[in-house]
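The values are calculated or read from the model by the stated rules, or taken from the named source; none is laboratory data. Note that the structure is a prediction, hence the values are computed from the model and not measured. Positions of Cβ are generated from backbone atoms using ideal geometry, with glycine treated the same way; all protein chains shown enter the neighbour counts.
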């Protein structure tokens, strides 16, 4: 079993409900156990700033899924909830990112672990610190200059 942290965000529709729905989907997967769930925080947009504030949160899970299988599940959950990718860092019904998967460091065309920007984004780190302070500390303390 691997421990993974997923970050969730939304800023159109009913963001709080969409995050709850995504967490329910995650928790219902037979190869995922939901260990912790952060509170939802509201933060200003990042990247493209001319849009609604975001609701953000994180979950700590245990899973038997390989990292790319977990990614596929997250993307399928986003699609089921109505996510359409149009503008990078733009408005979204739901966003589910794999922030960390144990202490695995990898980079492929589809997935980079840990999330390459997590250590720079308080809207990710604040919820992660709440549910997995050891993971947040590792993310911030890594040497990303390599």
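Overview of values
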| read-out | value |
| --- | --- |
| Among residues of the range 78-93, those that are at pLDDT 75 or above and more than 17 Å from residue 21 (Cβ to Cβ), counted | 1 |
| From 114, 127, residue being under 20 Å from residue 21 (Cβ atoms), in contact (Cβ under 8 Å) with a residue 12 or more places away in the chain and within 12 Å of the chain's Cα centre (by Cα) | 127 |
| Subset tally (residues that are surrounded by 14 or more Cβ atoms within 10 Å (Cβ to Cβ) and touching a helix residue (DSSP H, G or I) at 6+ places or on another chain (Cβ under 7 Å)) for the range 96-114 | 8 |
| Of residues in the range 10-39 being in a loop (DSSP other than H, G, I, E, B) and free of Cβ contacts under 8 Å to residues at least 60 places away in the same chain, the one farthest from residue 122 (Cα to Cα) | 30 |
| Number of the exception - residue 142 against (1) surrounded by 13 or more Cβ atoms within 10 Å (Cβ to Cβ); (2) modelled with pLDDT of 90 or more; (3) over 24 Å from residue 40 (Cβ atoms) | (2) |
| Given (1) closer than 16 Å to residue 2 by Cβ; (2) under 13 Å from the mean Cα position of the chain (by Cα), number of the condition residue 75 does not satisfy | (1) |
| Residue in the range 71-80 that is within 19 Å of residue 129 (Cα to Cα), surrounded by fewer than 19 Cβ atoms within 10 Å (Cβ to Cβ) and in contact with a helix residue (DSSP H, G or I) (Cβ under 8 Å, 6 or more places away or on another chain) present | no |
| Residue match in the range 32-42 (condition: out of contact with any helix residue (DSSP H, G or I) (no Cβ under 7 Å at 6 or more places or on another chain), under 15 Å from residue 6 (Cα atoms) and either at pLDDT 95 or above or surrounded by fewer than 19 Cβ atoms within 10 Å (Cβ to Cβ) (or both)) | yes |
